[in-house]
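The values are calculated or read from the model by the stated rules, or taken from the named source; none is laboratory data. Because the structure is predicted, anything quoted here is derived from the model rather than measured. In this analysis, Cβ positions are derived from the backbone assuming ideal geometry, glycine residues included, and neighbour counts consider all displayed protein chains. What goes into the accessible areas is simple: the full protein's heavy atoms, side chains included, and nothing from ligands, DNA or RNA. Shrake-Rupley method; radii C 1.70, N 1.55, O 1.52, S 1.80 Å.
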Amino acid sequence: MSANLLAGETSPYLLQHAGNPVHWMPWGEAAFERARSEDKPLFLSIGYSTCHWCHVMAHESFEDPALAAQLNEDFVCVKVDREERPDVDRVYMAFVQAATGHGGWPLSAWLTPDLAPFYGGTYYPPADLPGRPGFGTVLSAIARAWREQRPRLIAEGGRMLELLQRHASGGSDGESIDEGSLAGEVRAAAASCLRHYTGAFDARHGGFGGAPKFPRASDLHFLLHTASGGGAPAEEAELAVGLATATLRGLARGGIHDAVGGGFHRYSVDEAWFVPHFEKMLYDQAQLASAFLDAQAATGDARYGWIARDVLEYVTRDLAAADGGFHSAEDADSPEPDGTGHREGAFYVWTPAEIADALAGIPELESFAPALAAHFGVKPEGNVPERLDPQGEFRGRNILAQARTLAETAREAGLDLEVASSRLAAALARLRETRKRRPPPHRDDKVIAAWNGMMVSALVRAHFVLGPDSDWMGHAERTGMFLEKEMYDSGRGLLLRSFRSGRATTPAFAEDYACIIQALLDLYEGTLSIRWLRLAVRLQETMDRLFRSGEGAYFDASADDPSLIVRLKDSYDGAEPAASSVAALNLVRLGAYFDGGPGAPKGGYRAQALATVAAFRQHWIQAPQALPRMLDAARAALAPPAQVVLAGEPQAPATKELQSVVLGRPPGCQVSLLHVPMANVPSADRDWLLERVPWIADVPLPPEGRATAQLCRNFTCGLPLSEAGALRDAIGS
């Protein structure tokens, strides 16, 4: 057998391990059959290409000839990219969390040849440490137990499999839904969720809880929806917007925000958002950009829009794929500028001399350098406290985090505020140009369907909140067309999960369908092109067929893969929202378009949304903070459906002005947008929409050059409005 079978894979993570002396195999029947035929357990290692601790364990253990020989002798070794196979990752992560009380990557699990897990953990050091066995010791103990105590290990695997299956079967039994009772439970859960955030709030730095701190965007979306449309009393709305905006300001100030190049790092190891774990993930950029945009829409404060623009400029500049779509991530680690090795954050940190060199030759920036250093807390000895730098990696280096306000920096430099702002922007641009000459971090250049869907939604939102001065809508449309061309099998009506090196691989998962459907609905409302709405409906039908369970929740994966020992239903809005949460929000929107017409499913889309919400009732009652996006969906589903029916030429300024009122509204104001198909719309699209929404044909078309909008509630429409202010007043935003 050849040393390694990963060389033919497309995943950057698997290819990173193609040269290991470990006899890695990809996840699949060939590996499982080998385990059965050789009567060996499987060692499953799961990670992703931009994971710092995955790199550490690879260098320490998987590149070590002695440990590799031990692995090859006693186990069949399988590598999985969690970003390509989130279904496999969730199953075995659930096991590791249940067995050890914690999780993370790299994930290490040992399985019977029938794929039942019996032992697991995360990172293991290569050699024994005080109170902690090394990887070699663990391998020896497991191999010995497989030889001498196999029945016990198999029984443990069976017990863990039963535990996972019980976990997967949780949910309602499909009983009828009493909307009055459900509404009361949702109100109580939303209030409890707000109390949780209030109690966990860090009043000094923003965010919730202590270190490490993750910028969980679902929390922020819930708070902003509560503040501007969740039906909460005025004092709760004021509290919610305060918690969200204080957190966003803390994020923007902290080292977790890349002030030089834009975007946000994965999380902060401290409570002040100062020292980040430096990887950058596309899904964080998309969700945080949306949260900052929602904050501007909710408060009218343009500062939140500035940060959103910063994030989107980073993504469209540095993560855009040449053939369309966006790459998935950039690594935490990068080569040292002097070529002495790799280090986490090497690309991002600065010495005072490096900053001075970058600004040299431009007199106004040279004179501004001391104020810039004070603005970002730069120190000759480095600004990372020893307690946050136990290995001394940041000694003499500085993480740029805002230490002073712009007003304080202007006073320090003896400048007025506008000039100081201009100097700061120019200095950061020079630092960015200087940084480009450093060896960059590895970029994972695969395109993930779900994450690109999130990005499309953020870009459409940006067009209407920030204005059309940048090509946000163009980027969104190009990404939508790429996804349709390269990651959608139109013959079978199926999405694919991942695209790299000219081909898409792996059938998509529920999260991919949910996020792409959301993106398509946003593209329809943003461009008024019916083709996107048609594709959204087709994908919703496929999603329901492949993933929807009897009680209304969505399984993460379809039933087609025999290697999946259990199908889970994600019940946590974590780093990414749960598929069922996004699906419920989509179903509410589809119901506002189609319920009551011949194109709606039996009972209507809104009924499907309510069933999805009800299926997770026990989860969001017991721990509402685990499912804040599901609570957003619940509140939307229980509210009377509202639509704006827009009539007018799509490209006419009058039409765009009314469209912007609807799509630039505060986040909790749930209004769907339907556009009356004009004569120049392709006949197939026009006929399709009129068949499913026949009453829209009765909406009168305005005179040429004019546009009108009718606000409809519970499918009863008001008078046509032609003024943006009148429409804004009618919506209530």
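Structural remarks
- Which label in (1) 29.2, 107; (2) 26.5, 86; (3) 27.9, 100 gives the computed Rg and Dmax of the Cα atoms in Å: (2)
- Expected 222 nm ellipticity per residue - DSSP helices of 4 or more, -39500 (n - 2.57), all of the chain, to 500: -15500 deg cm²/dmol
- With every protein chain in place, segment 409-450: carbon and sulfur % of accessible area (1.4 Å): 47
- Solvent-accessible surface of segment 136-210, taken per residue with a 1.4 Å probe and all protein chains present: 56 Å².
- Shape of segment 1-128, Cα gyration tensor, a/c cut at 1.5: rounded
- Looking at segment 488-574, the accessible area is 33 square angstrom per residue; that uses a 1.4 Å probe and ignores ligands, DNA and RNA.
- Here the 3J(HN,Hα) profile of segment 91-97, calculated from phi with Karplus coefficients 6.51, -1.76 and 1.60 at θ = phi - 60°, is 4, 7, 5, 4, 5, 4, 5 Hz, Gly and Pro shown as x.
- For segment 578-632, carbon and sulfur atoms together expose 53% of the accessible surface, with a 1.4 angstrom probe and every protein chain in place.
- Multiplying each eigenvalue of the alpha-carbon gyration tensor of segment 614-718 by 5 and taking the square root yields semi-axes of 34, 16, 12 Å, largest first, rounded to whole angstroms.
- Sequence-distant residues sharing a close amide H with HIS675 (under 5 Å, placed H): LEU646
- At a probe radius of 1.4 angstrom, the accessible area of segment 56-117 per residue rounds to 30 square angstrom.
- 3J(HN,Hα) from dihedral phi, segment 13-23, Karplus parametrisation 6.51/-1.76/1.60, rounded to Hz, x for glycine, proline: 5, 5, 5, 4, 9, 5, x, 5, x, 5, 7
- Area accessible to solvent at GLU236, 1.4 Å probe radius, in Å²: 60
- Only lysine pairs 8 or more places apart or on separate chains count here, and in the chain those with Cα atoms under 20 Å apart total 6.
- Applying both filters, DSSP loop and at most 12 other Cβ atoms within 10 Å, to the GluC sites (Glu not before Pro) of segment 606-714 gives GLU704.
- Cα centroid separation - segment 215-254 against segment 395-449, whole Å: 27
- Counting only cysteine Cβ atoms and a cutoff under 4.7 Å, the chain contains unmatched residues CYS77, CYS193, CYS515, CYS669.
- Protein accessible area in segment 641-728, 1.4 Å probe - carbon and sulfur %: 53
- Spatial separation of Cα centroids for segment 694-733 and segment 583-604, in angstrom: 21
- Rounded to whole numbers, the Karplus 3J(HN,Hα) couplings from phi for segment 233-240 are x, 4, 5, 5, 4, 5, 4, 4 Hz, using 6.51 cos²θ - 1.76 cosθ + 1.60 with θ = phi - 60°, and x at Gly and Pro.
- For segment 474-629: rounded, prolate or oblate by the Cα gyration tensor [a/c cutoff 1.5]: oblate
- Rounded if a/c under 1.5, otherwise prolate or oblate - segment 153-274, Cα gyration tensor axes: oblate
- With DNA, RNA and ligands ignored, accessible area of CYS717 (1.4 Å probe; Å², nearest 10): 50
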